[in-house]
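The values are calculated or read from the model by the stated rules, or taken from the named source; none is laboratory data. All values reported here derive from a predicted model rather than from experimental measurement. Remember, those area values only see protein heavy atoms, side chains included, never the ligands or the DNA or RNA. Shrake-Rupley method; radii C 1.70, N 1.55, O 1.52, S 1.80 Å.
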Amino acid sequence: MNKLLILGSIAFDQIETPFGKSNAIMGGSANYIALAAAQFEVPSAVVSIVGDDYPQDYLNLLSQRHIDVSGIEIVHGGKTLFWSGKYRNDMNQRDTLDTQLNVLTNFKPVVPEAFRNAEVLLLGNLHPTLQMDVLDQMLSRPKLVVMDTMNYWMNHTWDLLMEVVARVDMITINDEEARQLTKEYSLVKAAQRIMAMGVKFVVIKKGEHGALLFHDDKVFFAPALPLAEVFDPTGAGDAFAGGLVGYLTKTRDYSFSNLKNAIVHGSNIASFCIEKFGAERLLTLTQDERHARLQQFRDLTQFDIQLK
């Protein structure tokens, strides 16, 4: 069966929104990505690092969903990555209150032997040298390499970032990051510039306004489902990416046509993620719930138009 390998962070998140405040809870991009991809019941593995303060129960939550955790290094005497943030009334804006890299500072990723031939690789938002290290450990080039990045790496590690971009098939970034990466305000022009760097598929996330998919001269737009309540947007982008690669890993079809389906599945899972603090909602999400909401996405976007 096709396999998915995920590089990402594992963290304690402490989150405050207009609707409440959490203690330090299960967070980090790898958790959101892996739990979202697990909805498609594909063999997956996480490459990450934690301290021995990270609860075994949290790792068990991954293992119980057939996510291989052997690539998660546990540093004895070390502390796990910690992030604290506060969302304003406009939930698209947040302030980072505290970031403690802790064990992530000295992370040297090791890909589990059983996943060095994974067909799909997702390089989560970490330092470009870590992304390249994982790419170099693969026995052969995966059929699909997806990367996420952020403005921090654009500001501080531009040359290294460009090396990674040249080696991937798809990039997922938000609209602000796409503009910074290309110095283009138009997202269409920004996507064209990114594809000129060697990337086949560009996914530009627009939060509550959906996501755009670009390939050659083709464009597809997937809306975000309008929800009555947005409780916590943390991890929604990673859950989106996890749903996307989970679906692609299961279907083994990397065409533009199937990527459109994958974008909708990713948006669907992300819509659940924001309903609770952290990854809590992904831990209780069922297939029936996913399918019911997919029908809502279909109803939202399908219509008959009369041309006169």
Taking only protein heavy atoms and a 1.4 Å probe, the highest-to-lowest accessible-area order of 303, 19, 231, 12 is 303, 19, 231, 12
Karplus ³J(HN,Hα) for the range 6-15 (6.51 cos²θ - 1.76 cosθ + 1.60, θ = phi - 60°; Hz, whole; x = Gly/Pro) runs 10, 9, x, 8, 10, 8, 9, 10, 10, 10
With a 1.4 Å probe and every protein chain kept in, tell me what percent of the accessible surface of the range 11-169 is carbon plus sulfur.
-> 48
Phi-based couplings in Hz for the range 185-197 (Karplus 6.51, -1.76, 1.60; Gly and Pro marked x) = 6, 5, 5, 5, 5, 4, 4, 4, 5, 5, 5, 5, 7
In the structure displayed, which of 79/183; 183/218; 108/206; 21/205 lie more than 28 Å apart, Cα to Cα?
-> 79/183; 108/206
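Would you mind working out the accessible area per residue for the range 1-93, using a 1.4 Å probe, and quoting it in Å²?
Accessible area per residue, the range 1-93: 40 Å².
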What accessible surface, in Å², does a 1.4 Å probe find on residue 58, ignoring ligands, DNA and RNA and rounding to the nearest 10?
-> 60
Residue 4 long-range amide H proximity, modeled H, under 5 Å = 44, 45
Could you please state, rounded to a whole Å, how far the C-alpha centre of the range 114-180 is from the C-alpha centre of the range 235-308?
-> 22
SASA check, residue 67, accessible area w/ 1.4 Å probe, all protein chains in place, rounded to nearest 10 Å², comes out at 10
Amide H of residue 72: which non-local residues (sequence gap of 5 or more, or other chain) have their own amide H closer than 5 Å, using H built in the peptide plane?
-> 48
So what are the ³J(HN,Hα) numbers for the range 258-266, from phi and the Karplus equation (6.51, -1.76, 1.60; θ = phi - 60°), rounded to whole Hz, Gly and Pro as x?
-> 6, 4, 4, 4, 4, 4, 5, 4, x
Considering the chain as a Gaussian network with a 10 Å cut-off on Cα pairs, which listed residue, 77, 27, 207, attains the greatest mean-square fluctuation?
-> 77
Quick one: accessible surface of residue 188, probe radius 1.4 Å, all protein chains present, in square angstrom to the nearest 10.
-> 70
Options (1) -0.18, -0.62; (2) -0.23, -0.75; (3) -0.34, -0.89 - which one matches log10 I(q)/I(0) by the Debye sum over Cα atoms at q = 0.06, 0.11 Å⁻¹ as calculated here = (1)
Check cross-link reach from residue 250 to the lysines: straight Cα distance under 17 Å, and skip same-chain residues fewer than eight apart.
-> 3, 143, 260
